[in-house]
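The values are calculated or read from the model by the stated rules, or taken from the named source; none is laboratory data. What you are looking at is a predicted structure, and each value in this text was computed from that prediction instead of being measured. Cβ: placed from backbone, ideal geometry, glycine included. Neighbour counts: every protein chain shown.
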């Protein structure tokens, strides 16, 4: 790519990169390139359903080539550096790619090593994680086969992809165990680092009701410190008191700490002192606060919202319109409002649909409609409708 130049370069071919590229092309962008090394594209919201035995892995994956928008160039390579002053991206295969505008949306990396023993544990016979596609089906093999013992589900502190997703396989498994008549023989423990189960009024009430219904032991203000895979033992710390407890488990489903990719941390794009490496953008316009031809959205952007596909859908529209305005020398009029959404699969046929702003205050799409109430209709939307909307509309820049 030495000496090559594109009008708009997008780093990352996930939901953010593909849907944005499609939308930019619809808005008249004729020289848009997506830098993405992977051969496969995943619909990550289905990972929870796979881990809970309510979806097949094949439903969540398609060839990357099949989702790339027509008229958009796919550069099958990895970004390894960015020079804002020179307006270039360094590529793993060598050379630099110049740009007029750059959009950074490579997603997050899973930091397994930040918790000693966790990486080994999820690849052991008793551990899994639905945050990794190749481990999601394994999670259901373990959970679906459990008849007695202890199942531990963990969530880390700090920014992660769809924080509520950490709980979803737990509810699906509990409902299954209840159907099988073995729930009373299984101890279920949820490790939650925050002082409430989620943080949104109404939603917390519904989740706490389901937790009580299933007999789940909810450990608030707690975090996973380390794991001994051979002993099937997890060390848990109470962050309020500093005390620790050793939990023996038969199945561990863990969510790892997450951060921006290491190569991105090493660039000038994160805010000084931001150890997570997230791109410093105006949270409303999604433009970099120091480099006006650089933008970011999605999981790697330092926005104030909870990271989710629903948040990304709104961000994509805002960034596409603002970038088009910037290219034409016009002011940026579009503002992202902090909206996010998390559909909690609280049983094998019902969902609690949480919609909220960046302060975790309720923000329903339809005012006065209590979507946070457990609902069969919300299940149909989440499990059946959303995947079709994703593959057929969102990735084409039409939703």
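Tabulated data for the structure shown
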{"quantity": "Candidates 138, 114, filtered to the one that is modelled with pLDDT of 95 or more and surrounded by fewer than 20 Cβ atoms within 10 Å (Cβ to Cβ)", "calculated": "114"}
{"quantity": "Residue count, region 359-374 (criterion: touching a strand residue (DSSP E or B) at 6+ places or on another chain (Cβ under 8 Å) and at pLDDT below 95)", "calculated": "7"}
{"quantity": "Selected residue (only one of 245, 217, 223 is on the phi < 0 side of the Ramachandran plot, in contact with a strand residue (DSSP E or B) (Cβ under 7 Å, 6 or more places away or on another chain) and free of Cβ contacts under 8 Å to residues at least 12 places away in the same chain)", "calculated": "245"}
{"quantity": "Test: residue in region 258-279 that is in contact with a helix residue (DSSP H, G or I) (Cβ under 6 Å, 6 or more places away or on another chain) and more than 24 Å from residue 110 (Cβ to Cβ)", "calculated": "no"}
{"quantity": "Tally, over region 194-211, of residues that are assigned to a loop (DSSP other than H, G, I, E, B) and either crowded, with 19+ Cβ neighbours inside 10 Å or not assigned by TED's automatic domain parsing to the domain that holds residue 249 (or both)", "calculated": "3"}
{"quantity": "Matching option when the condition is surrounded by fewer than 17 Cβ atoms within 10 Å (Cβ to Cβ), closer than 13 Å to residue 45 by Cβ and free of Cβ contacts under 8 Å to residues at least 60 places away in the same chain, among 351, 366, 381", "calculated": "381"}
{"quantity": "Per-region count, region 271-286, residues in contact with a strand residue (DSSP E or B) (Cβ under 7 Å, 6 or more places away or on another chain) and either assigned to a loop (DSSP other than H, G, I, E, B) or surrounded by fewer than 21 Cβ atoms within 10 Å (Cβ to Cβ) (or both)", "calculated": "5"}
{"quantity": "All strands (runs of 3 or more DSSP E) inside region 87-176 with 1 or more residues being within 16 Å of residue 234 (Cβ to Cβ), out of contact with any helix residue (DSSP H, G or I) (no Cβ under 7 Å at 6 or more places or on another chain) and assigned by TED's automatic domain parsing to the domain that holds residue 208", "calculated": "149-154"}
{"quantity": "Inter-residue pairs, beta-carbon under 6 Å, first on the phi > 0 side of the Ramachandran plot and in the same structural domain as residue 319 (by TED's automatic domain parsing) and in region 334-345, second modelled with pLDDT of 95 or more and in a strand (DSSP E or B), 6+ apart", "calculated": "none"}
{"quantity": "Flag if residue 81 is more than 22 Å from residue 312 (Cβ to Cβ), assigned by TED's automatic domain parsing to the domain that holds residue 288 and in a strand (DSSP E or B)", "calculated": "yes"}
